[in-house]
Amino acid sequence: MTEEQPAVVVIDDDPSVRKALDRLLRSVGLEARLFASTEEFLASELTDSPTCIVLDVRLPGESGLALQRDLAAANNRLPIIFITAYGDIPMSVQAMKAGAVEFLAKPFRDQELLDAIHLALEKDRARRAEDREKAQLRERFDTLTAREREVMALVVAGRLNKQIAAELGISETTAKIHRGQVMRKMRAAGLVELVRMADQLGAAESKS
C-alpha cells in the first residue's frame, strides 16, 4: 500500500506569506493547503495522509496558540510549527511546552522551515503507524471471549497454567487450551510480545 501525498497546512492571514510558502513547498514536492484563518481551517476537511501545520501566532479571530489548545483538547495530534513576526520568549516557551515542533521568528531561512516540516511529517507518520497498530490490536483483542481475556490478563501477569487453572477454577488442560487460543488470536509469538501488546492496549484505553 503506497502512502498518500504528505500535506502541509499553512494558516497565515498574509496573502504574500501564503503565496511564498506555497511556492516553497511545491518546489520540494509537498502539497500545500492554504488558509487565512483558524476558522477557515476548521471548516475544511483534511486528507488521511501525513500532515503538519505551519501556523502563524497572530491571526484574525482565534489565535494560533488558541488553535493549538483546541486541537489538543480534541485529541487532534497534528504536529504544529509556529511562525511569527511578533514572538517573544514566553510565547515560544508556551508553544513548545504544549508540543509544538518548532517556533520560528520571521524572517526565517527556507531551509529552517523545511527541516522543521520534514521532522513534523515524520512525527505524524510515526503517530499514524502507531494508531494503526493499536487499532489492529484492538480488533484482535475484541475476538477474545470473556474467559480468554481473563486468561490473557493472568498470562501477562506471569501466572503459570497451573496457577491460572486454580484462580479460574478450571482444569490445567483447559487453561493451556485458552492460553493457546489467546496467543493465536492475538498473533503473539511469545510471552514478551503478548505483554507488549497488553501494555499498548492499556495505554490506548487510558488515552480514550
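For residues that are exposed (fewer than 11 other Cβ atoms within 10 Å of the Cβ) and within 18 Å of Asp124 (Cα to Cα), tally how many sit in the stretch 1-34. Result for the stretch 1-34: 4.
Does Gln111 count as under 30 Å from Arg18 (Cβ atoms), free of Cβ contacts under 8 Å to residues at least 40 places away in the same chain and loosely packed, with under 13 Cβ neighbours inside 10 Å? Explain how you work it out, then say what you get.
Details: under 30 Å from Arg18 (Cβ atoms): yes; free of Cβ contacts under 8 Å to residues at least 40 places away in the same chain: yes; loosely packed, with under 13 Cβ neighbours inside 10 Å: yes.
Answer is yes for this residue.
Can you spot a residue in the stretch 158-181 that is surrounded by 14 or more Cβ atoms within 10 Å (Cβ to Cβ) and within 27 Å of the chain's Cα centre (by Cα)? Scanning the stretch 158-181 turns up no residue that is surrounded by 14 or more Cβ atoms within 10 Å (Cβ to Cβ) and within 27 Å of the chain's Cα centre (by Cα).
Give the stretch 70-97 a look and list any residue that's assigned to a loop (DSSP other than H, G, I, E, B) and touching a Phe, Trp or Tyr at 6+ places or on another chain (Cβ under 7 Å), or say none.
Residues of the stretch 70-97 that are assigned to a loop (DSSP other than H, G, I, E, B), as a first pass: 74-79, 85-88.
Residue satisfying the conditions is Gly87 alone.
When the stretch 98-133 is limited to residues that are under 14 Å from the mean Cα position of the chain (by Cα) and in a loop (DSSP other than H, G, I, E, B), the one that is farthest from Ala66 (Cα to Cα) turns out to be Val101. The number of residues in the stretch 163-196 that are part of a helix (DSSP H, G or I) and either without any contact (Cβ under 8 Å) to a residue 12 or more places away in the chain or in contact with a His (Cβ under 9 Å, 6 or more places away or on another chain) (or both) comes to 15.
Taking the conditions exactly as written (surrounded by 15 or more Cβ atoms within 10 Å (Cβ to Cβ) and either in contact with a Pro (Cβ under 7 Å, 6 or more places away or on another chain) or of a type outside the set (D, E, K, R) (or both)), does Thr51 satisfy them or not?
Details: surrounded by 15 or more Cβ atoms within 10 Å (Cβ to Cβ): yes; either in contact with a Pro (Cβ under 7 Å, 6 or more places away or on another chain) or of a type outside the set (D, E, K, R) (or both): yes.
Spelling it out, Thr51 is indeed surrounded by 15 or more Cβ atoms within 10 Å (Cβ to Cβ) and either in contact with a Pro (Cβ under 7 Å, 6 or more places away or on another chain) or of a type outside the set (D, E, K, R) (or both).
As a summary of the residue check, Ala74 satisfies the conditions (1) closer than 17 Å to Asp124 by Cβ; (2) more than 17 Å from the chain's Cα centre (by Cα) except for the one numbered (2).
Leu25 meets each of the listed conditions (1) touching a residue at least 40 places away in the same chain (Cβ under 8 Å); (2) farther than 22 Å from Arg128 by Cβ apart from (2).
Of a type outside the set (D, E, K, R), within 26 Å of Glu130 (Cβ to Cβ) and surrounded by fewer than 21 Cβ atoms within 10 Å (Cβ to Cβ) - does that describe any residue in the stretch 57-71? Yes, the conditions are met somewhere in the stretch 57-71. Looking across the stretch 134-161, the residues that are charged (D, E, K, R) and in a helix (DSSP H, G or I) come down to Lys134, Arg138, Glu139, Arg140, Asp142, Arg147, Glu148, Arg149, Glu150.
Residues checked against (1) of a type in the set (Val, Ile, Thr); (2) at pLDDT 95 or above; (3) more than 17 Å from Leu104 (Cβ to Cβ):
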| position | (1), (2), (3) |
| --- | --- |
| Glu4 | no, no, yes |
| Ile11 | yes, yes, no |
| Pro15 | no, yes, yes |
| Ala20 | no, yes, no |
| Leu25 | no, yes, no |
| Ser44 | no, no, yes |
| Thr51 | yes, yes, yes |
| Glu62 | no, no, yes |
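The values are calculated or read from the model by the stated rules, or taken from the named source; none is laboratory data. Here the structure is a predicted model, which is why all the values come from computation and not from measurement. For neighbour counting, all protein chains shown are included, and Cβ atoms are generated from backbone atoms with ideal geometry for every residue, glycine included.
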